Amino acid sequence: MLRRPAAVVLLALVALGTAGCTGDDDAARPTGTAATGAATAPAPAPTESLLPSPTSTGSAVGDLAAGFPSDLVSPPEGSEILVSSADTDAATGLTTISLNLRSPLATDQLVQAVRDQLVAAGFAETVVDPGSTGLAATSTFVRGDGAAELLTLGVLDRDGVRTLTLGGTVRL
């Protein structure tokens, strides 16, 4: 003889197991995978747009994006721009920039060309040991107290070609 709580649990399981089994009518069966017979839940609706906001200045492939501060930093001579972006936040006045380029210059020449421009604009450089990053060179540049204007530079050296990435926020 089953005790009362066990009998209630067993009865509930039997009722759940037989729910929806009304015969051979396929329309009455719950949908699911063939292997498990489990019901499939509908896919969740996305809650966030993957597209940039309509106020975004944008990006450009093979050229400097509209609004990119080329007077602050311009690509070194002989460089090929891969992609760039510039997006100004009207509320803060800060512009988020990104520049990715390929260059035949040696790593130290490439970094020096960018360093000269940023230091002339009032940025201070902190060289980061690239040993743990796998990059040939890594630096950060800050202007003022560094709370708002901060740029990070990285150079990847592969097969005799350097790829530079510079990104962060600046006040124009």
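Below are the figures for this structure:
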| item | result |
| --- | --- |
| Residue selected from segment 152-172 under the condition without any contact (Cβ under 8 Å) to a residue 60 or more places away in the chain and assigned to a strand (DSSP E or B), by the criterion nearest to SER74 (Cα to Cα) | LEU153 |
| Pairs, first under 16 Å from ARG162 (Cα atoms) in segment 112-126, second assigned to a strand (DSSP E or B) and polar (S, T, N, Q), C-beta under 6 Å, six or more apart | none |
| Flag if PRO69 is in contact with a Gly (Cβ under 9 Å, 6 or more places away or on another chain) and not hydrophobic (A, V, I, L, M, F, W, C) | no |
| Subset of segment 127-172 (residues that are modelled with pLDDT of 95 or more and hydroxyl-bearing (Ser, Thr, Tyr)) | THR138, SER139, THR140, THR152, THR163, THR165, THR169 |
| Residue ranges of strands (runs of 3 or more DSSP E) in segment 59-144 with at least 3 members exposed (fewer than 14 other Cβ atoms within 10 Å of the Cβ) | 124-128 |
| Residues of segment 151-172 satisfying the condition of being surrounded by 17 or more Cβ atoms within 10 Å (Cβ to Cβ) and among the aliphatic types (A, V, I, L, M) | LEU151, LEU153, VAL155, LEU156, LEU164, LEU166, VAL170 |
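The values are calculated or read from the model by the stated rules, or taken from the named source; none is laboratory data. What you see is a predicted model; the values in this text were computed from it and never measured. Cβ atoms come from the backbone with ideal geometry, glycine included; neighbour counts cover every protein chain shown.
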